[in-house]
Amino acid sequence: MAIQLINVGSVANDGTGDDLREAMIKINTNFEELDLRDDEQTTVSNLGSVGEGLYYNKVNYDLQFKKIAGSDKITLTADENKIVISADVGLDTLTINSDSGNVTLDDVASFTIAGGDGITTSIVDSTLTIENTNIAELVEDLTPQLGGNLDAQGNDLLNVGVVNASTITGFFAGNMEGNVWGYDIRDWAEWNAGFDFGGIVPDYSSLMHFLVTNIDVDLGTFGAPASGNIDLGSI
C-alpha cells in the first residue's frame, strides 16, 4: 500500500482540501503502513579482494566502522574532507661503496649481492651468508703452488718428506739424503776413518833394492815437490 497524501487545498480554509476527519484517517493509515513495513535493510560492504575493510558491524540503525590508526613512523592527520596518511621513511637514498665502484639506491631500488667463482651467497630471514667453496686451507690443496717466495719468518718446516730443489741455502737438522754435486756422499762413509793399506813386507832382490826401501827419500811438499821421477812399479 502506498503512503496517502493529505489534500491541504490551495489556500487556507478554501474548502478544497480534506476535512479534518479525512486528514486524520490518512495519517493513521500512513502510520499503520509504516509500522507494517520491514525494518531498516541498510547494509555496508567492503569492496575489493585485498586489504583490510573499514566496515565492522551494524547495530539497529547504527553503522559501525573501524578506526584508522598510525604506528611507528606512520602519522595520520584529518580534516572534514579527508584523512592524510604520512610515512617517515628515514633514508631517501643509500650509497653502497666497494673497493671498486659504488651504487646509490633510492627508496624503490634493490641491491643484489652476487657470488663469483667459488663464492655463493644466501639469505635466510635477516642473515646474509657468503660462502667460499674454493680451497680455504693449504692442507686441502693436493697440488699447491706458490706465486713467489715463501717467507717462513724464522719458523721451522717440520715433517718434510722429499725436497726437490736446484739450490738449498741454510742449515739442516737431521740427516740429509741425496747427491751433492752429483755424488752420493754415503759412498764416502768408509773413508771417514782414514786410509789403511795394512802392513808392507819387503822382498829384497838386490842391495840397491834394500837401500831404496830402507832409506827415506825427501819428495818435498805438495806445494813444492822435488824434481825427479820414481818408478815404484805397479800394485
*asked:* Being modelled with pLDDT of 75 or more, assigned to a loop (DSSP other than H, G, I, E, B), out of contact with any Cys (no Cβ under 7 Å at 6 or more places or on another chain) and more than 30 Å from ASN155 (Cβ to Cβ): is that true of ASP196 here?
replied: no
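Okay, residues lined up against (1) modelled with pLDDT under 85; (2) in contact with a strand residue (DSSP E or B) (Cβ under 6 Å, 6 or more places away or on another chain); (3) not hydrophobic (A, V, I, L, M, F, W, C):
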residue	(1), (2), (3)
MET1	yes, no, no
ASP18	no, no, yes
MET24	no, no, no
ASN28	no, no, yes
ARG37	yes, no, yes
VAL50	no, no, no
*Can you tell which of THR93, THR167, THR120, THR133 is over 30 Å from LEU54 (Cβ atoms), touching an Asp or Glu at 6+ places or on another chain (Cβ under 6 Å) and at pLDDT below 85?*
THR93
*Kindly provide the set of residues from the stretch 57-104 that are over 23 Å from SER45 (Cβ atoms), among the hydroxyl-bearing types (Ser, Thr, Tyr) and out of contact with any strand residue (DSSP E or B) (no Cβ under 8 Å at 6 or more places or on another chain), ordered by number.*
SER71, SER98, SER100
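Could you run through the stretch 155-175 and say how many residues are among the hydrophobic types (A, V, I, L, M, F, W, C), over 20 Å from GLN145 (Cβ atoms) and under 42 Å from the mean Cα position of the chain (by Cα)?
Within the stretch 155-175, residues that are among the hydrophobic types (A, V, I, L, M, F, W, C), over 20 Å from GLN145 (Cβ atoms) and under 42 Å from the mean Cα position of the chain (by Cα) number 1.
Pick from ASP99, ASP117, ASP88: which is under 30 Å from ILE68 (Cα atoms) and charged (D, E, K, R)? So that I can check it myself, show each step before the final result.
Numbers: ASP99 fails: under 30 Å from ILE68 (Cα atoms); ASP117 fails: under 30 Å from ILE68 (Cα atoms).
That would be ASP88, the only listed residue that is under 30 Å from ILE68 (Cα atoms) and charged (D, E, K, R).
Only strands (runs of 3 or more DSSP E) wholly contained in the stretch 44-117 count here; list those with 2 or more residues that are among the aromatic types (Phe, Trp, Tyr), free of Cβ contacts under 8 Å to residues at least 12 places away in the same chain and surrounded by 10 or more Cβ atoms within 10 Å (Cβ to Cβ).
Details: elements: 55-59, 62-65, 74-78, 83-87, 93-97, 102-106.
In the stretch 44-117, the matching strands (runs of 3 or more DSSP E) lie at 55-59.
The values are calculated or read from the model by the stated rules, or taken from the named source; none is laboratory data. Everything quoted here is computed from the prediction, not taken from an experiment. Neighbour counts run over all protein chains shown; Cβ positions are idealised from the backbone, glycine included.
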